[in-house]
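A.B. asks: Quick one: this structure, given as structure tokens, is what I'll be asking you about.
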Amino acid sequence: QVQVVESGGGLVQPGGSLRLSCTASGLTFDAYAMGWFRQAPGKGREGLSCITWSGGTTDYADSVKGRFTISRDNAKNTRYLQMNSLEPQDTAMYYCAATISFNWYKCVANEYNYWGQGTQVTVSS
């Protein structure tokens, strides 16, 4: 079975940093892409950035460009989202997801099939 698990969220002050981690199992590792998404109350699920097994990436969402970085460690079957210069508007539930879709590069939620449980990020003074 496919399982996706993310972790690393928490409470952080504005300007602070967090690194989220995501592990996946049950997939053929070189045949899927993964992505980071977030959803704040009352808002849709926003794609932040997506990455292939080989390291190809999409552009970052404008809201996080220059502050967030997606990366991978294939040996650990892990993906990361490094979040710097966090702002209160970054407060959301953050999700990791996986897909074998040809349209992975669109980095939109409806192209991703396997989702983690989410990890809460709260940015507040």
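The values are calculated or read from the model by the stated rules, or taken from the named source; none is laboratory data. Given the structure is predicted, the values throughout are model-derived calculations rather than measurements. Reconstructed Cβ throughout: ideal geometry from the backbone, glycine too, with neighbour counts over all protein chains shown. Just the protein is used for accessible areas: all its heavy atoms, side chains included, with ligands, DNA and RNA removed. Shrake-Rupley method; radii C 1.70, N 1.55, O 1.52, S 1.80 Å.
A.B. asks: Taking 8 Å as the Cα distance limit and 6 or more residues as the minimum spacing, I'd like the relative contact order of the chain as a percentage.
C.D. replies: 37
A.B. asks: A follow-up question, please. Order LYS43, LYS65, most accessible first, counting only protein heavy atoms with a 1.4 angstrom probe.
C.D. replies: From most accessible down to least: LYS43, LYS65.
A.B. asks: Suppose every Lys and Arg Cβ carries +1 and every Asp and Glu Cβ carries -1, with no other charges. What dipole size does the chain come out with about its Cα centre, to the nearest 20 debye?
C.D. replies: 80
A.B. asks: With a 1.4 Å probe and all protein chains left in place, how much accessible area per residue does the chain have, in Å²?
C.D. replies: Value returned for the chain: 50 Å² of accessible area per residue.
A.B. asks: So how much slack lies between TYR105 and LYS76, counting 0.36 nm per residue of separation and subtracting their Cα-Cα distance, in nm?
C.D. replies: Stretched out fully, the TYR105 to LYS76 stretch lengthens by 8.2 nm.
A.B. asks: Cα-based Rg of the chain per 2.2 N^0.38 Å, rounded to two decimals?
C.D. replies: For the chain, the normalised Cα radius of gyration comes out at 0.97.
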